[in-house]
Amino acid sequence: MDSFKIAFTAFDYVDNIIIKIATDEGIVGYGEAAPFLPVTGETADGVIAVLELLKPGLIGQDPFDIESIHSYMDKVVYGNGSAKCAIDIAVYDIMGKFVGLPVYKLLGGSRRAIQNDITIGISTPEEMSTIAERYVKEEGFHILKIKAGINADEDIRTMALIRKKVGQNIRLRVDANQGYDVAQALYAIEGFKKYGVEAVEQCLPYWDCDGAALLRSNVSGIKLMVDESIHSTKDAQRFVSAGSADILNIKLMKCGGLLQGLKINNIAEASGVTCMVGCMLETKIALTAGISLVAARKNITEADCDSFMFFDNSKLGITGGFEREKDKFTLLDKPGLGIELSF
């Protein structure tokens, strides 16, 4: 993949871990961990070590007793969301295959197709606007997520150039990735309003719940989203109770998989807060699980599951899961994740 820059880091490769879990009845489930040290606190080697640690206690477990599986994992090791996510996804894949249902139906969903955004990494405002124009005019996207958070003035100028290139009918979101303080965020958001930005994500450091509440109380006309702040149901409860967010970004790699993602959405929905499902740099395995979660819950109104577009999937040997036509992602109506591996 090409280098991709966000407010606190830049990277040009990732190390993901693909797992396979087999049952005594011959059903195989696939899962994926996408560790990202600045967010999940994990490395690839650490994930492998945790999976080896968890493996003995998983043997003989009932895949349909997913609560017990998570309870066991949480007793053995704290955090390590992407390692637990790999197991969670594989188990849901097994359950779906056993009952003959795709995961989105297993979760209670009925819609197969969702509209997805596309993410633009940080570079010069001119280059970012050119990329935005290509995504809209050549790739067919109607929602752009623009990375920001290093320089507020440059971020505002980027929005101005992008809006000029893509027109008024394209939805714009900004993701600051913890790059602002409260004053900088207020300044940037006021500038973004001129260009019809609809939401700004993770303005402040992940721990700053009080600052996020203060920011939200002083902002109108733009929704505020938190991402790196939300790793668990306790995080979700704390931020919605404090009035710190309009939208929660659920990432399976942060929270440990689909079961915890469902619980986070329940907390948000009960508090009048909507959700988006986002992603790390993941393959179609984890992305199919994330899109399935979007398809299964009306309160999850947005999807940011685009990372497979940033590398050459033909070299991975991973197919199936969903199909893409412009910004419409349609899940396959196959049991489990509907994923096939050729390696």
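The values are calculated or read from the model by the stated rules, or taken from the named source; none is laboratory data. The structure presented is a predicted model; accordingly, all values stated were derived computationally and were not measured. Quick reminder, even Gly has a Cβ in these numbers, built from the backbone with ideal geometry, and neighbours come from all protein chains shown. What goes into the accessible areas is simple: the full protein's heavy atoms, side chains included, and nothing from ligands, DNA or RNA. Shrake-Rupley method; radii C 1.70, N 1.55, O 1.52, S 1.80 Å.
A compact table of results
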{"quantity": "Count - residues of the stretch 120-132 that are of a type in the set (Ser, Thr, Tyr), open to solvent by 10 Å² or more (accessible area, probe 1.4 Å) and not in a loop (DSSP other than H, G, I, E, B)", "calculated": "1"}
{"quantity": "Tally, over the stretch 201-222, of residues that are surrounded by fewer than 17 Cβ atoms within 10 Å (Cβ to Cβ) and among the charged types (D, E, K, R)", "calculated": "1"}
{"quantity": "Answer from LEU293, LEU287, LEU316 - the residue that is hydrophobic (A, V, I, L, M, F, W, C) and at pLDDT below 95", "calculated": "LEU316"}
{"quantity": "Criterion (touching a residue at least 60 places away in the same chain (Cβ under 8 Å), farther than 24 Å from ASP12 by Cα and open to solvent by less than 20 Å² (accessible area, probe 1.4 Å)) met by exactly one of ILE339, ILE264, ILE247, ILE285", "calculated": "ILE339"}
{"quantity": "Some residue of the stretch 47-56 being in contact with a Cys (Cβ under 7 Å, 6 or more places away or on another chain) and crowded, with 23+ Cβ neighbours inside 10 Å", "calculated": "no"}
{"quantity": "Subset of the stretch 135-167 that is in contact with a Phe, Trp or Tyr (Cβ under 8 Å, 6 or more places away or on another chain) and in a loop (DSSP other than H, G, I, E, B) - its residue that is nearest to LYS326 (Cα to Cα)", "calculated": "PHE141"}
{"quantity": "Checking PHE322 against (1) farther than 18 Å from ALA33 by Cα; (2) surrounded by fewer than 22 Cβ atoms within 10 Å (Cβ to Cβ), the condition it does not meet", "calculated": "(2)"}
{"quantity": "Looking only at the stretch 144-153, and only at residues there that are charged (D, E, K, R) and under 12 Å from VAL174 (Cβ atoms), the one that is most open to solvent (accessible area, probe 1.4 Å)", "calculated": "LYS147"}
{"quantity": "Hits in the stretch 4-13 (condition: part of a loop (DSSP other than H, G, I, E, B) and touching a residue at least 40 places away in the same chain (Cβ under 8 Å))", "calculated": "ALA7, PHE8"}
{"quantity": "Positions within the stretch 57-114 being part of a loop (DSSP other than H, G, I, E, B), more than 23 Å from ASP306 (Cβ to Cβ) and either open to solvent by 50 Å² or more (accessible area, probe 1.4 Å) or β-branched (Val, Ile, Thr) (or both), in sequence order", "calculated": "ILE59, GLY60, GLN61, ASP62, PHE64, ASP65, VAL77, TYR78, LEU101, GLY108, SER110"}
{"quantity": "GLU198 being closer than 14 Å to ILE122 by Cβ, out of contact with any Gly (no Cβ under 6 Å at 6 or more places or on another chain), open to solvent by 10 Å² or more (accessible area, probe 1.4 Å) and charged (D, E, K, R)", "calculated": "no"}
{"quantity": "Qualifying residue in the stretch 179-193 (condition: in contact (Cβ under 8 Å) with a residue 24 or more places away in the chain and farther than 18 Å from ALA152 by Cα)", "calculated": "no"}
{"quantity": "Qualifying position, being farther than 13 Å from VAL91 by Cβ and in contact with a helix residue (DSSP H, G or I) (Cβ under 6 Å, 6 or more places away or on another chain), among GLU52, GLU42", "calculated": "GLU42"}
{"quantity": "Which listed residue is closer than 12 Å to GLY31 by Cβ and of a type in the set (Val, Ile, Thr), from VAL99, VAL76, VAL91", "calculated": "VAL91"}
{"quantity": "Yes/no for GLU190 being at pLDDT 95 or above, touching a strand residue (DSSP E or B) at 6+ places or on another chain (Cβ under 8 Å), open to solvent by 30 Å² or more (accessible area, probe 1.4 Å) and not in a loop (DSSP other than H, G, I, E, B)", "calculated": "no"}
{"quantity": "Selection within the stretch 14-35 - closer than 25 Å to CYS255 by Cβ, open to solvent by 20 Å² or more (accessible area, probe 1.4 Å), assigned to a strand (DSSP E or B) and of a type outside the set (Val, Ile, Thr)", "calculated": "LYS20, TYR30"}
{"quantity": "Any hit, the stretch 290-303, residues being of a type outside the set (Ser, Thr, Tyr), open to solvent by 20 Å² or more (accessible area, probe 1.4 Å), more than 12 Å from the chain's Cα centre (by Cα) and closer than 23 Å to GLY79 by Cα", "calculated": "no"}
{"quantity": "Candidate set: the stretch 36-46, residues that are of a type in the set (A, V, I, L, M, F, W, C) and in contact (Cβ under 8 Å) with a residue 12 or more places away in the chain; chosen: the one most open to solvent (accessible area, probe 1.4 Å)", "calculated": "PHE36"}
{"quantity": "Checking GLY167 against (1) open to solvent by less than 30 Å² (accessible area, probe 1.4 Å); (2) closer than 23 Å to LYS5 by Cβ, the condition it does not meet", "calculated": "(2)"}
